[in-house]
Amino acid sequence: MRRKIVCKFGGSSVENAIQIKKVKEIIKDNKNRKYIVVSAPGRDEKYNEKITDHLINIALKGQHLSKKRISTNDSKEAVIKKFSTLCNDLDISKEKIIPFLENDFKTTLKEKKKIAFLASRGEHYNAKIIAEYFNKSGINTQLVLPEDIGFILNDDYLDAKIIDKTYTNLEKLKTEDKICIMPGFYGVTQNGDVAILSRGGSDLTGGELAYSINASLYENWSDIDGVYEVDPRIIKDADVIPRLTFKEIRLLSTKGFNVFHFDAMINCKKRNIPINIRNTNRPSASGTIILNERVHTEDVVGIAKLDNMAYIYLEKDGLGEEIGFMEGLLSIFNKYQINTYFYPTDKDDIAVLLKKEDLTGNINNLRAEIEEKLSPDVIDVVYDLAILSMVGIGLKYNSYAIADAVTVLKDNNIDIEMLDQAPAKLSFHIGIAQHHADTALKLLYNKLILND
């Protein structure tokens, strides 16, 4: 049976004619790459804003980019110029794209429906251009639009979820012998209205397509070589991690590695479909493969860093045994739409980790409500915290890595504000003062990954 590979190309991979030609060569290089999902074409040249943000700005009549003094007309001009340039450089007739795009700008849709519709136009027209270009280049290509194939979402228009019927509809693509190009990020409701996934949703489109056709591999192409051991902007010698489990990438992604849309992995994991993160600009590099299982040769495979964090510390006799205390505490955070990360706890105290920015304008009301409803003996807020998260399946079999981490920080006079290990023992987390964050990351990288 022929292997079926789904490829998703991100915005930087399809932002201009040069990049799209690279995509064409990547597809030609492997005959099993039959299913292609594309994003909107990156950023414009004048304002260096993403095309999707320009489209949202048009929908919101200039409010979305008002702080950058980019008007509705500015955004319209930027979007039209981007697509006109693509058409010219790829020798595609602009008459097939620009008049329809300009007409879309005049949509009479209102509110969320309007935002979703216009936000989706980047992917929609980019897919049309790329499909046309492939066919002109002699690659037998079929454009598959979500509205035609039945990529059906619920009616939560700006953060929509896929409904089960979509998987049955996508299965129809299994027998297609052509290259199939589909725009990512959007689908349609059962009433036929356009709805969009969360930002980064083209990853999810690719993942759900891979699941539906039971692909042998899902390749996610962008402008990075893969998942690095640590942030390469801080440690330039950091290597790409060749293999990770779904659990490891999940832990790294939630702790500062913004590499991949997590929801895109869920169904691939269910069907044991590997995900390969690749670089469009270096297609010879093998990237990072994400698998259900791997054989580990190290304890810590990667270290993530969350900056500008804070925690709220509560102390009350017996809070760890008080039925409903945790539920009540988290309900307060939910009321203020504050996302919490994790909460080290004991019998008499708890610390809830969150982003510092989420406390802006909320802290006084939050504190008052916690005091009123939960009556803690002590409530304190610690700001300017960085969280370093060590991740690796090898940690399950070696707890001494925690001791090594604590020792190297102690030897370099870096105080630990918080220490926590997840129950599965696949990660542990150290909170330190923000101004020590980069230094601590380098120390922990040298000790736990390089074993220096």
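The values are calculated or read from the model by the stated rules, or taken from the named source; none is laboratory data. Predicted model, so just to flag it, every value in this text is computed and none were measured. Because the Cβ atoms are built from the backbone with ideal geometry, glycine has one as well, and the counts that use them run over all protein chains shown.
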Legend entry - Pairs where the first residue, in the range 379-399, is outside the structural domain of Asn364 (by TED's automatic domain parsing) and the second is surrounded by 14 or more Cβ atoms within 10 Å (Cβ to Cβ), C-beta under 7 Å, 6+ apart: none
Legend entry - helices (runs of 4 or more DSSP H) enclosed by the range 128-228 - at least 1 residues per element that are assigned by TED's automatic domain parsing to the domain that holds Ile18 and touching a residue at least 60 places away in the same chain (Cβ under 8 Å): 201-212
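Are any residues in the range 180-197 surrounded by 24 or more Cβ atoms within 10 Å (Cβ to Cβ) and either aromatic (Phe, Trp, Tyr) or over 23 Å from Ile130 (Cβ atoms) (or both), and if so, which ones?
Filtering the range 180-197 down to residues surrounded by 24 or more Cβ atoms within 10 Å (Cβ to Cβ) leaves 181-187, 194-197.
Correct list: Phe185, Tyr186.
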Inset, instruction - Select from the range 275-315 the residues that are farther than 27 Å from Lys355 by Cβ, of a type in the set (Ser, Thr, Tyr) and at pLDDT below 95 and list them in ascending order. - result: Thr297
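Answer yes or no: is there a residue in the range 404-427 that is in a helix (DSSP H, G or I), acidic (Asp, Glu), within 27 Å of the chain's Cα centre (by Cα) and within 21 Å of Asp237 (Cβ to Cβ).
Of the range 404-427, the ones in a helix (DSSP H, G or I) are 404-411.
Then drop every residue that is not acidic (Asp, Glu), which leaves 404, 411.
Next, only the ones that are within 27 Å of the chain's Cα centre (by Cα) stay: none.
No, the conditions are met nowhere in the range 404-427.
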Legend entry - the range 402-427: number of residues that are within 17 Å of Glu229 (Cα to Cα) and modelled with pLDDT under 95: 2
Inset, instruction - State whether the residues of the range 333-343 include one that is under 16 Å from Val378 (Cα atoms) and not hydroxyl-bearing (Ser, Thr, Tyr). - result: no
Inset, instruction - Of all residues in the range 368-378, count the ones that are surrounded by 12 or more Cβ atoms within 10 Å (Cβ to Cβ) and free of Cβ contacts under 8 Å to residues at least 24 places away in the same chain. - result: 1
Legend entry - Hits in the range 129-156 - residues which are buried (at least 22 other Cβ atoms within 10 Å of the Cβ) and either more than 26 Å from Asp177 (Cα to Cα) or touching a His at 6+ places or on another chain (Cβ under 9 Å) (or both): Pro146, Leu153
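Identify the residue in the range 329-352 that is exposed (fewer than 14 other Cβ atoms within 10 Å of the Cβ) and not hydroxyl-bearing (Ser, Thr, Tyr) and, among all such residues, is modelled with the lowest pLDDT.
Of the range 329-352, the ones exposed (fewer than 14 other Cβ atoms within 10 Å of the Cβ) are 331, 334-335, 337, 339, 346-347.
Now narrow it down to the ones that are not hydroxyl-bearing (Ser, Thr, Tyr): 334-335, 337, 339, 346-347.
Details: Asn334: 92, Lys335: 93, Gln337: 91, Asn339: 89, Asp346: 81, Lys347: 85.
Among them, the one singled out is Asp346.
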Inset, instruction - Looking only at the range 305-319, decide whether some residue is crowded, with 16+ Cβ neighbours inside 10 Å, in contact (Cβ under 8 Å) with a residue 60 or more places away in the chain and among the β-branched types (Val, Ile, Thr). - result: yes
Legend entry - Filtered residues of the range 260-311 (kept if assigned to a strand (DSSP E or B) and closer than 30 Å to Asn16 by Cβ): Ile275, Asn276, Ile277, Arg278, Asn279, Thr288, Ile289, Ile290
Legend entry - Filter result (under 14 Å from the mean Cα position of the chain (by Cα) and surrounded by 24 or more Cβ atoms within 10 Å (Cβ to Cβ)) within the range 202-225: Ser202, Asp203, Leu204, Thr205, Gly206, Gly207, Asn220, Trp221
Inset, instruction - Give Gly206, Gly201 a once-over and let me know the one that is farther than 30 Å from Leu448 by Cβ, of a type in the set (Gly, Ala, Ser), in contact with a helix residue (DSSP H, G or I) (Cβ under 9 Å, 6 or more places away or on another chain) and modelled with pLDDT of 95 or more. - result: Gly206
Inset, instruction - May I ask you to verify whether Ala210 is under 30 Å from Asn169 (Cβ atoms) and not hydroxyl-bearing (Ser, Thr, Tyr)? - result: yes
Legend entry - Close pairs (7 angstrom Cβ cut-off, 6 or more residues apart or separate chains): part of a helix (DSSP H, G or I) in the range 327-340, of a type in the set (D, E, K, R) anywhere: Gly328/Lys373; Ile332/Glu369; Ile332/Lys373
